[in-house]
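See structure below.
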Amino acid sequence: MDIRIGDILTMKKPHPCGSRDWQVLRIGADFKLRCCGCGHEVMGARSKFEKNVRQVRRETL
């Protein structure tokens, strides 16, 4: 899956704050994501996050 830093990921399940959108802060074996609703940051295995992604939005400059 082609995911880059700065992409917005729309996940299958919402965060407890209600937002489904997460911004990618770091990539590698692990992802670091920030919730676009409340700003909460999480880090976890790439495989766990990739299977829960519905859509990848890339900001074009």
What's the number of the condition L9 fails, among (1) surrounded by fewer than 15 Cβ atoms within 10 Å (Cβ to Cβ); (2) among the aliphatic types (A, V, I, L, M); (3) outside any loop (DSSP other than H, G, I, E, B)? (1)
Working only within segment 18-52, note down all residues that are outside any loop (DSSP other than H, G, I, E, B), hydrophobic (A, V, I, L, M, F, W, C) and open to solvent by less than 70 Å² (accessible area, probe 1.4 Å). W22, V24, L25, F31, L33, C35, V42, A45, F49
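The values are calculated or read from the model by the stated rules, or taken from the named source; none is laboratory data. These numbers were taken from a predicted model, which means no experiment stands behind them. Counting neighbours? That spans all protein chains shown, and the Cβs are built from the backbone with ideal geometry, glycine included. For the accessible areas, the whole protein counts, side chains as well, though only heavy atoms, and no ligand, DNA or RNA atoms are used. Shrake-Rupley method; radii C 1.70, N 1.55, O 1.52, S 1.80 Å.
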